[in-house]
Amino acid sequence: MLLIDGLFRFSGVGLLIFLAVVAARSWPKSKSRPYLVLACASVAALFIGYAPPVFEPPYPLDAVIRFLDVPHLVFVWLFGLSLFQSDFNLRPFHVVVGIAYCLPILCARFAQFGVMDEFPFWMMVMVDVMALGIALHLIASALLG
């Protein structure tokens, strides 16, 4: 099973990095391009960060990767909104929601790496509720846009 996991996981990471590089270099300028590049990089970090222990990178690289995967859902959300809403511009609302979503996850990462002593359970519940809300907002934007 580890072989299959590694095959799919690292193929996905390779494709995401390739897509980010192609989007950054070749695609015409658009509102969606920066969000696509950031989403691909963050989701690739997420794939690597949640790999089984046998595939874990060394500690310093693992710490960087775990912090890079924090805003993955926010970047996917912004990319989706930039695709489905013709008048999309990054507004303070998007920034506030992004910060509110990422802050508890950052606290969890700090607790994971021993910088913080304790991580309150209610923060994880808040992240789950916000993730559901972000996903529903993206689905509604896709259906209505």
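The values are calculated or read from the model by the stated rules, or taken from the named source; none is laboratory data. Here the structure is a predicted model, which is why all the values come from computation and not from measurement. Note that each Cβ is placed from the backbone with ideal geometry, even for glycine, and that neighbours are counted across all protein chains shown. Keep in mind that these areas ignore ligands, DNA and RNA; they rest on the heavy atoms of the full protein, side chains included. Shrake-Rupley method; radii C 1.70, N 1.55, O 1.52, S 1.80 Å.
What residue, among those in the stretch 78-130 that are in a helix (DSSP H, G or I) and small (Gly, Ala, Ser), is farthest from TYR59 (Cα to Cα)? Break it down stepwise before answering.
So in the stretch 78-130, the residues in a helix (DSSP H, G or I) come out as 78-84, 92-112, 121-130.
In the following step, the residues that additionally are small (Gly, Ala, Ser) were identified as 80, 82, 98, 100, 108, 111.
Details: GLY80: 33, SER82: 35, GLY98: 27, ALA100: 27, ALA108: 17, ALA111: 15 Å.
Among them, the one singled out is SER82.
For the stretch 1-31, what are the residues that are farther than 18 Å from PRO57 by Cα, open to solvent by 100 Å² or more (accessible area, probe 1.4 Å) and assigned to a helix (DSSP H, G or I)?
LEU15, PHE18, ARG25 - these are the residues of the stretch 1-31 that are farther than 18 Å from PRO57 by Cα, open to solvent by 100 Å² or more (accessible area, probe 1.4 Å) and assigned to a helix (DSSP H, G or I).
Out of all the residues in the stretch 32-61, which are of a type outside the set (A, V, I, L, M, F, W, C), open to solvent by 20 Å² or more (accessible area, probe 1.4 Å) and assigned to a helix (DSSP H, G or I)? Step through it out loud before you land on a result.
First pass over the stretch 32-61, keeping only residues of a type outside the set (A, V, I, L, M, F, W, C): 32-35, 42, 49-50, 52-53, 56-60.
Keeping just the survivors that are open to solvent by 20 Å² or more (accessible area, probe 1.4 Å) gives 33-35, 50, 52-53, 56-60.
Selection gives ARG33, PRO34, TYR35, PRO53, TYR59, PRO60.
Modelled with pLDDT of 95 or more and either more than 21 Å from LEU68 (Cβ to Cβ) or surrounded by 14 or more Cβ atoms within 10 Å (Cβ to Cβ) (or both): does that describe LEU132? Full working, then the answer.
Values: modelled with pLDDT of 95 or more: yes; either more than 21 Å from LEU68 (Cβ to Cβ) or surrounded by 14 or more Cβ atoms within 10 Å (Cβ to Cβ) (or both): yes.
Here the answer is yes, as LEU132 does meet what is asked.
Residue check, PHE18 against (1) at pLDDT below 95; (2) more than 24 Å from ILE105 (Cβ to Cβ); (3) not small (Gly, Ala, Ser), all met but one. Which one?
(1)
Scan the stretch 106-118 and tell me whether some residue there is in contact with a helix residue (DSSP H, G or I) (Cβ under 9 Å, 6 or more places away or on another chain), among the acidic types (Asp, Glu) and open to solvent by 70 Å² or more (accessible area, probe 1.4 Å).
Filtering the stretch 106-118 down to residues in contact with a helix residue (DSSP H, G or I) (Cβ under 9 Å, 6 or more places away or on another chain) leaves 106-109, 112-113, 115-118.
Still in the list and also among the acidic types (Asp, Glu): 117-118.
Now drop any that are not open to solvent by 70 Å² or more (accessible area, probe 1.4 Å), which leaves 117-118.
Yes, the conditions are met somewhere in the stretch 106-118.
Could you grab the pairs with beta carbons closer than 6 Å, sequence gap of 6+ or different chains, first residue in the stretch 126-145 and farther than 14 Å from LEU81 by Cβ, second one of a type in the set (Ser, Thr, Tyr) and open to solvent by less than 40 Å² (accessible area, probe 1.4 Å)?
MET130/TYR101
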